[in-house]
Amino acid sequence: MKSERQTSKHLLLASVVTMVGIMLMVITIAFSWELWMVPIFLIGNSLVWFLHIGKYGSDELYENLCTGLLLIGFFFFGVHSVSLFDIPAVACMVLLIFSMLDKRLPLYTVAVLYLFQLLYHCLILHTITLGISIQNVIRLGLGATVVAGAVAIARYRINRRIEDRKRQRSIVAQLEAAKRQNAEFLSNVSHEFRTPVNMVLGLSEVALEKNISSDVREDIHSIQMAGKRLSNQISKILDYTEIVEGTLTSSNEEYMITSVLNDVMTTTALQSSKRQLEMVFDIDPQIPSVLIGDAEKLSHVLKILLENSIKFTEEGGIDVCIEFRRESYGLNLLIDVYDTGIGMTDSQLAKMYDDFYQADSGSDRFAGGLGLGIPIARGLLHAMGGFMHCDSTDQQGIQIHVTIPQGIADETPSMEVADVDRLCIACYFRPDRYSCDAVRKYYDKLILHLVNGLGIEGYQAHNFEGLLKLHSSHALTHVFIAQSEYEENSAYYEELANTIQVAVIAEKDFVPREDSKLLILRKPFFALAVVNLLNGNVKENRFEETQAAGRRPFTCEGVRVLVVDDEEMNLVVAKGVLGSYGIKVDACLSGREALDRCTSNSYDMVFLDHMMPGFDGVETLRRIREMNNGAYRDLPVIALTANTISGAREMFRHEGFTEFVPKPIERTVLERVLRRVLPAHSIRYCAADGDAWPEAVSPFEPSPAEEINGAPVKETNGVPAEALGEASLLDSASPSEPAREDKPADEVSIPYTQLVQAGFDVQAGLDYCCGDESFYLEMLRMFFGQSEEKRNEIIALYKAANWTDYAVKVHALKSTSLTIGAKDLSEQAKLLERAGKSGDAAYIHQNHPHLLELYEEICKSIAGL
């Protein structure tokens with residue numbers, strides 16, 4: 001696309017060429033010159049305007065066409081007897097036009113044509129003879145001098161412009177180099193900071209697990225919070241440097257927009273609840289369910305924008321509205337974020353995209369931060385081919401508008417309601433209870449979008465009397481109310497819940513009566529939660545799970561599972577984690593062996609690695625489902641995967657899996673899956689003293705991690721790690737196996753400092769190993785013991801250019817290295833896995849040596865223990 005400057009120059013060229021053409025056509029007709037030149041001028045001028053208006057062809061083609069037409073016109077004008085003394089004026093005009101271009105050849109061509117014209121007049125037309133008068137000689141000499149001077153001046157202008165441009169490019173290159181150097185410096189400093197920060201976070205987490213006084217615990221908790229804040233700022237600097245260095249790339253993978261919103265909502269809900277802000281997530285129900293784009297970057301952008309709004313909003317609320325517009329390539333995702341914060345002035349808006357800019361940069365700053373959030377969001381959007389712009393009025397909030405092009409993988413609407421005709425809903429939100437009128441509009445808009453988008457019969461009441469009228473005049477099936485409205489007439493709504501479904505949009509600490517039939521929608525208010533409720537998917541909203549369990553520890557005695565993974569180390573972790581719940585675990589290393597195990601044994605659940613050589617997870621799942629004439633059709637099969645992109649749950653369900661658990665296994669996710677897929681009688685909740693509660697009297701204890709309408713928030717689990725069997729990995733665990741006795745804390749000595757300095761995230765490794773230090777050391781030893789074999793396999797596949805199996809092996813390395821806290825090695829393996837899947841041999845050749853270097857460094861660090 002041509003720049004604005006090029007377009008202006010080309011418009012001027014087209015205008016001048018047209019004027020010269022018209023002038024020559026008039027002169028040709030008036031002096032009866034060669035009339036066949038008139039069509040040539042007409043065609044030439046028409047072609048110029050055709051290229052200009054249609055923006056066809058290159059700049060070089062356009063400029064060469066204009067130059068050619070002017071030279072032809074100049075030559076045509078100069079070869080007639082009556083034009084002898086007018087040639088210098090026309091030559092100067094043409095030279096002036098050519099001085100706009102960065103080409104010297106047209107100048108020299110004009111000079112040569114002028115000399116040729118003089119010779120033509122002398123030899124052919126005989127208008128220049130020996131008998132010419134002295135006045136005409138002076139006129140010819142003056143004309144030649146003027147033309148020569150015009151050529152010199154035009155040449156000087158072109159040379160000066162070219163030199164200025166070179167100098168400007170040199171300055172720009174120096175500035176870009178300086179910017180890259182600054183970014184590299186920031187990146188190096190950030191990496192150096194990250195090591196001690198990770199050490200502070202890890203050791204503070206370990207210290208909090210010890211028996212210490214409340215004062216010391218509070219101090220250590222403050223240190224941990226400060227460390228987490230610093231770690232977050234370091235992550236922002238690293239994101240910023242990646243954008244500045246131009247290494248940011250965008251992926252195109254299938255994802256579900258509802259899952260992305262779910263993840264974002266879970267992350268930001270806790271921040272908004274601290275300030276008691278209303279958050280509304282409004283999405284057009286007709287958005288296609290599966291899109292193609294970069295879900296990770298989209299999620300990052302949304303989190304940045306929401307965190308920014310939360311930071312600068314003291315009261316009121318925030319509205320995230322997502323709509324779409326169809327395009328030839330798929331659709332444009334239209335994301336609008338509104339808040340009721342302090343807003344920005346016009347001058348602040350003009351600077352908000354500047355790096356490190358803070359609108360309140362004085363000593364009395366309203367909020368902290370580095371001023372990198374918006375530049376990072378803009379860089380991420382640019383990588384995805386999108387853009388953003390902002391509107392704001394000082395002290396009246398800000399509106400951020402984002403547009404991102406996305407492909408479509410599945411046209412099915414993201415939200416649908418079955419049996420729409422039977423539904424009739426009423427919503428009751430009292431407008432006077434909102435401190436800010438904008439918040440009421442957020443809720444009203446979401447309800448309007450849902451009613452219109454889903455085709456539901458719906459009504460809204462703004463007072464209790466209005467709700468009573470709606471109830472008496474319509475056959476309502478659902479009533480949605482806010483918590484404050486419920487508390488005003490709780491007896492009425494409890495009675496109403498016996499006949500129709502009553503949903504309360506409640507704060508996270510709201511606890512209904514034990515015998516209540518109310519349905520609880522935990523804030524933030526998400527359109528998908530409403531749709532799930534209307535479809536009768538109460539479990540999808542965590543209502544039953546929350547009221548039954550909260551975060552109580554539980555056991556699964558009597559449950560037998562099969563774990564299938566081609567990495568022995570992953571099997572050790574899975575057996576250890578699952579065994580701590582009293583689950584009997586069988587393990588095998590391949591899909592074929594899994595089929596044999598399923599033939600000879602009966603299992604309550606199967607955990608199946610998604611990526612394995614030979615039979616991968618999908619093929620193994622298909623064959624298990626077909627075994628014994630479909631006897632295992634309803635067997636819960638859980639995908640084990642290190643690919644935890646947004647929308648993964650829906651994708652694995654589409655492939656036939658019941659659920660998925662990311663690797664390394666996190667207890668919060670595992671417990672959610674166990675509660676969801678196992679029958680109620682298989683789960684026994686534990687009281688504070690460790691005894692199991694009968695399922696029927698399981699106490700209610702609300703939990704933000706489970707009640708938010710999204711993925712659970714990672715938190716430290718209180719379930720104590722039990723003894724782990726030391727028998728062979730491939731033998732099934734049984735009660736008769738000898739238990740591994742954990743060493744007391746004072747007998748286990750892990751050199752935390754040495755590991756952290758080597759780049760390990762020790763706390764992450766401990767988390768993945770149930771907080772058991774002995775188990776973590778065992779994982780380190782196993783990782784080191786298998787390293788030579790795994791390294792040789794990766795090298796052999798690299799030399800054979802077998803990128804498919806290469807991707808499988810580095811995929812395995814990605815999960816095992818993350819299990820021990822070697823995050824840098826895991827991230828490098830992740831990038832090479834992606835390159836292997838896409839067949840990007842150039843990237844693999846460039847980064848494979850670095851992977852081996854990291855691998856070797858990690859192994860040397862472990863060997864040094």
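Maximal additional length on extending the His850-Asp391 stretch stands at 160.7 nm, based on 0.36 nm per residue less the C-alpha distance. When the pairs Lys311/Lys508; Lys236/Lys311; Lys445/Lys517 are compared against a 18 Å limit on Cα-Cα distance, Lys311/Lys508; Lys445/Lys517 fall above it. Remark on Leu521: its backbone amide H falls under 5 Å from those of Val504, Ile505, Ala506, a criterion applied only to residues 5 or more positions apart or on other chains, H modelled at 1.01 Å from N.
Each residue of segment 500-515 was assigned a 3J(HN,Hα) from its phi angle through the Karplus curve 6.51 cos²θ - 1.76 cosθ + 1.60 (θ = phi - 60°); the sequence is 9, 7, 10, 10, 10, 7, 10, 6, 5, 8, 6, 10, x, 5, 4, 9 Hz, with glycine and proline shown as x.
Using the Cβ-Cβ distance between Lys837 and Glu507 with R0 set to 60 Å, the FRET efficiency from 1/(1 + (r/R0)^6) comes to roughly 0.85.
Rounded to whole numbers, the Karplus 3J(HN,Hα) couplings from phi for segment 522-532 are 6, 5, x, 7, 10, 4, 5, 4, 5, 5, 4 Hz, using 6.51 cos²θ - 1.76 cosθ + 1.60 with θ = phi - 60°, and x at Gly and Pro. Using the Cβ-Cβ distance between Asp219 and Gln399 with R0 set to 41 Å, the FRET efficiency works out to roughly 0.45. Solvent exposure of segment 104-213, expressed per residue, is 67 Å² of accessible area, with all protein chains present and a 1.4 angstrom probe.
With both labels modelled 7 Å from their Cα along Cα-to-Cβ, the Gln168 to Ser58 distance reads 2.2 nm. Between Glu315 and Glu557, the contour length at 0.36 nm per residue exceeds the Cα-Cα span by 82.3 nm. Note on Arg422 and Glu857: the model spin-label points, each 7 Å out from Cα along the C-beta direction, lie 6.2 nm apart. So the label point goes 7 Å from the Cα of Trp36 along Cα→C-beta, right? Which residues of segment 103-129 then have their backbone N under 12 Å from it? Label zone hits: none.
Phi angles across segment 278-292 convert, under the Karplus curve 6.51 cos²θ - 1.76 cosθ + 1.60 with θ = phi - 60°, into 3J(HN,Hα) values of 7, 10, 10, 10, 10, 10, 5, x, 8, 4, x, 5, 10, 10, 10 Hz, Gly and Pro given as x. Legend: calculated FRET efficiency, Glu514 to Arg676, from the Cβ-Cβ distance at R0 = 30 Å, rounded to 0.05, equals 0.85.
Atom-type composition of the exposed protein surface of segment 34-102 places 74 percent of the accessible area on carbon and sulfur (1.4 angstrom probe). Anisotropy class assigned to segment 403-541 is prolate, per the alpha carbon gyration tensor with a/c at or over the 1.5 cut-off and a/b larger than b/c.
Highest mean first, the peptides 814-823, 601-610, 173-182 sorted by other C-beta atoms within 10 Å per residue fall in the order 814-823, 601-610, 173-182. From most to least packed by mean Cβ count within 10 Å, the peptides 847-858, 475-486 give 475-486, 847-858. Would you please give the residues with an amide H less than 5 Å from that of Cys427, counting only those at least 5 places away or on a separate chain, with H modeled from the backbone geometry? For Cys427, the qualifying residues are Tyr459, Gln460, Ala461, Phe480. Tell me whether segment 407-483 comes out rounded, prolate or oblate; compute the Cα gyration tensor, take square roots of the eigenvalues as a ≥ b ≥ c, and use a/c under 1.5 as the rounded threshold. It is oblate, given that a/c is not under 1.5 and a/b is not larger than b/c. Summarising the amide proton neighbourhood of Asp282: residues at separation of 5 or more, or on other chains, whose placed amide H is nearer than 5 Å comprise Val320, Cys321, Ile322.
Counted residue by residue at 0.36 nm each, then reduced by the alpha carbon distance between them, the extension gain from Leu130 to Thr412 reaches 92.4 nm. For a test of the definition: using alpha carbon positions, the gyration tensor, and the 1.5 limit on a/c, classify segment 576-628 as rounded, prolate or oblate. Taking the square roots of the gyration eigenvalues as a ≥ b ≥ c, segment 576-628 is oblate.
The values are calculated or read from the model by the stated rules, or taken from the named source; none is laboratory data. On a predicted model such as this, the values are computed, not experimentally measured, just so you know. Heads up, the Cβs are rebuilt from the backbone with ideal geometry, glycines too, and the neighbour counts pull from every protein chain shown. Areas reflect the complete protein model, heavy atoms only, side chains present, ligands, DNA and RNA absent. Shrake-Rupley method; radii C 1.70, N 1.55, O 1.52, S 1.80 Å.
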